[in-house]
Amino acid sequence: MNEIIERAKLHFNENETRVILVPEWGADDKPLEIFCRPFNLAQKNKLFKKSGGDVSSMDLTVMADCLIMKAEDGQGNKMFTLESKRDLMNAVDPDVVSRIAAEMLQGVTQEEMEEK
């Protein structure tokens, strides 16, 4: 059994960090790059609980939580903190936040799988 869990962990660790381009938040005519490592089950569970257990009618605050939890710069530093949540909720374009969170939450696409 130990060999199986080791293979499962190896598989998870092979998942690549995704880069999400955000032209709206960029500088010098370059889009902002947000790096996002794959969610583990504990992180997904935390978001699921915040959604009230129904992802189809997810409370939109979960989108801000997603950015706070997963958005990193190229060096692996968190881009947002809990103190950022108020601004993400009230002073930032909700369509951009929604798009970034959706990209973070979606699985690897078929095209990405074929490129590997």
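Highest average first, the peptides 41-50, 23-32 ordered by how many other beta carbon atoms sit within 10 Å of their residues are 41-50, 23-32.
Note that region 13-24 has calculated 3J(HN,Hα) couplings of 5, 7, 4, 7, 5, 8, 10, 10, 8, 10, x, 5 Hz, one per residue in order, obtained from phi through the Karplus relation 6.51 cos²θ - 1.76 cosθ + 1.60 (θ = phi - 60°); glycine and proline are x.
Annotation: amide H-H contacts under 5 Å for W25 (H modelled 1.01 Å from N, sequence separation of 5 or more, or interchain): L32. Computed packing ranks the peptides 98-104, 65-71 as 65-71, 98-104, most packed first, by mean other Cβ atoms within 10 Å. Model label points for N77 and N45, set 7 angstrom from Cα along the Cα-to-Cβ axis, are 3.2 nm apart. Straight-distance candidates among the lysines for linking to K49, with alpha-carbon spacing under 21 Å and chain neighbours fewer than 8 residues away dropped: K70, K85. Is the shape of region 2-107 rounded, prolate or oblate, going by the alpha carbon gyration tensor and its root eigenvalues a ≥ b ≥ c, with a/c under 1.5 for rounded and a/b larger than b/c for prolate? Oblate, because a/c is 1.5 or more while a/b does not exceed b/c.
No value in this document is a laboratory result; all are computed from the given coordinates. All figures in this text were calculated on a predicted structure; none of them were measured in a lab. Neighbour counts run over all protein chains shown; Cβ positions are idealised from the backbone, glycine included.
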